[in-house]
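Participant: Take this structure first; my questions come after.
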Amino acid sequence: MSMRGEIISKEYNNMVFVHDKNGKEYACYVDDLKHFKRGEDLTESEREKCTDISLVLGDSW
């Protein structure tokens, strides 16, 4: 694996994918969600630190 692949793999392993109650999916770093509990909604401050996957992939993905 190239160095670039190792870096991407390491970053991916530090991420979680969270679905909110409206069906949106967010990619977040684990360290940014220290108080998040599975099944709860993201707070506004947590959501700001995450990436809305629909903005990356589009609504039809």
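Participant: What nm value, rounded to one decimal, do you get for the distance between residue 25 and residue 7 when each label is placed 7 Å out toward the C-beta?
Facilitator: Placing both labels 7 Å beyond Cα along the Cβ direction yields 2.6 nm.
Participant: Considering the options 26, 9, 43, tell which one lies farthest towards the positive end of the dipole of segment 3-57, charges being +1 on Lys and Arg and -1 on Asp and Glu at the Cβ, about the Cα centre.
Facilitator: It is 9.
Participant: Let me have the relative contact order for segment 3-57, percent, based on Cα pairs under 8 Å that are six or more residues apart.
Facilitator: 32
Participant: Let me see the pair-distance distribution of segment 3-57: every alpha carbon pair, 10 Å bin width, integer percents in order.
Facilitator: Values per bin, smallest distances first: 23, 52, 21, 4.
Participant: Sort 17, 36 so the one with the fewest other Cβ atoms within 10 Å of its own Cβ comes first.
Facilitator: 17, 36
Participant: Still on this structure: Quick one: putting +1 on the C-beta of Lys and Arg, -1 on the C-beta of Asp and Glu, what dipole do you get for segment 3-57 around its Cα centre, in Debye to the nearest 20?
Facilitator: It works out to roughly 160 debye.
Throughout, read-outs are computed from the coordinates displayed, never taken from laboratory work. This is a predicted model, so every value here is computed, not measured. A quick note on method: Cβ atoms are made from the backbone with ideal geometry, for glycine too, and the neighbour counts reach across all protein chains shown.
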